[in-house]
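Report on the structure given below.
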Amino acid sequence: MNNITLIGMPGAGKSSIGVVLAKVLGYQFIDSDLLIQKAEKRTLSKIIEDEGTEGFKAIENRVNASIQVENTVIATGGSVVYCDEAMQHLKSEGVVVYLKISLELLSRRLGNLKGRGVVLKEGQTLASLYDERVPLYEKYADIVVDEEDKDLEGSLQVVLEALKNRGDKA
Ligand SMILES: Nc1ncnc2c1ncn2[C@@H]1O[C@H](COP(=O)(O)OP(=O)(O)O)[C@@H](O)[C@H]1O
Ligand SMILES: O=C(O)C1=C[C@@H](OP(=O)(O)O)[C@@H](O)[C@H](O)C1
Ligand SMILES: [Mg+2]
């Protein structure tokens, strides 16, 4: 209960903002990507390579749907929004915050984030992935935070402000 779940595109800052947000609020922090790796004893890119994107999503759904924590910031993986069961679970256990980032900024950030593995269909471009996912992030979000033109500290402050305005955390 009372958790804060961060969703958004890979590179949006769920993991890096999440851990600092947890410190500021005195919360615990978990990164569901690391839970997946621990459960599977394989890296994310190895799981995607071995199981394909559909197999990865099934594992991601199972792991996220079984998270039982409280007063915790949960950084999810960008593809969790394909997992409806997991998203319903996370929504029922706290507030879901979408870290919104433009395609332009995303393209620049992902240039430096190679090797982590993204759930991309064969031949799919980043632009088409972005268009496919944005409606899903919006669908599941309780709060949308736009981090355009902000550094990490600036994004953190907007998240804190948005949570405060909504009355989830003073
Ligand atoms: N305003 C910002 N908010 C969040 N991350 C930022 C920002 N500006 C630059 N970054 C960088 O972008 C990257 C985000 O990566 P990460 O936290 O792993 O994202 P995610 O977990 O959403 O994939 C980090 O290298 C971080 O330092
Ligand atoms: O968006 C994606 O397809 C993915 C994002 C990754 O997490 P981050 O969003 O933390 O980079 C990770 O879950 C996996 O490699 C797939
Ligand atoms: Mg992450």
For segment 21-153, the Debye formula with one identical point scatterer on each Cα and no solvent gives log10 I(q)/I(0) at q = 0.14, 0.20, 0.22 Å⁻¹ as -0.69, -1.47, -1.66
Of all stretches in the chain that avoid trypsin sites (Lys or Arg not before Pro) placed in a DSSP loop and having at most 12 other Cβ atoms within 10 Å, the longest is 42-113
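If you put +1 on each Lys and Arg Cβ and -1 on each Asp and Glu Cβ, how big is the dipole of segment 28-108 around its Cα centre, in Debye rounded to 20? Please report the intermediate quantities before stating the final value.
Details: 9 positive and 13 negative charges, 35 e Å.
Taking the Cα centre of segment 28-108 as origin, the dipole is about 160 debye.
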Within segment 139-170, DSSP-loop GluC sites (Glu not before Pro) with at most 13 other C-beta atoms within 10 Å are E148
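Work out the FRET efficiency for E51 and N165 from their Cβ-Cβ distance, taking R0 = 41 Å, and round it to the nearest 0.05. Write out the running numbers ahead of the final one.
Values: r = 41 Å, r/R0 = 0.99.
With a Förster radius of 41 Å, E is 0.50.
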Given the candidates G123, F56, L103, the one whose Cα lies deepest towards the positive end of the charge dipole of segment 46-133, counting +1 at each Lys or Arg C-beta and -1 at each Asp or Glu C-beta, is L103
Within segment 34-102, DSSP-loop GluC sites (Glu not before Pro) with at most 11 other C-beta atoms within 10 Å are E70
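Rounded to the nearest 20 debye, what is the charge dipole size of segment 3-156 about its Cα centre when +1 sits on each Lys and Arg Cβ and -1 on each Asp and Glu Cβ? Walk me through the numbers on the way to the answer.
Values: 18 positive and 24 negative charges, 82 e Å.
Around 400 debye, computed over segment 3-156.
How much mean residue ellipticity at 222 nm does the chain get from its helices, if each DSSP H run of length 4 or more adds -39500 (n - 2.57) and you divide by all residues, to the nearest 500 deg cm²/dmol?
Numbers: 7 runs with 90 residues, N = 170.
Theoretical 222 nm ellipticity from helices: -16500 deg cm²/dmol.
Given a Förster distance of 30 angstrom, what is the FRET efficiency for R62 paired with E138, based on the Cβ-Cβ distance and rounded to 0.05?
On the way: r = 25 Å, r/R0 = 0.82.
Computed FRET efficiency for R62 and E138 comes out at 0.75.
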Segment 58-122: spread of alpha-carbon positions along the three principal axes, whole Å, largest first, is 34, 25, 17
Length-normalised contact order of the chain, Cα under 8 Å, at least 6 apart, in percent, tallies to 33
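Readers should treat all values here as calculations from the given coordinates under stated rules, not as data from a laboratory. The shown structure was predicted, so the numbers you read here are calculated from the model rather than taken from an experiment. Positions of Cβ are backbone-derived with ideal geometry, glycine not excepted, and every protein chain shown enters the neighbour counts.
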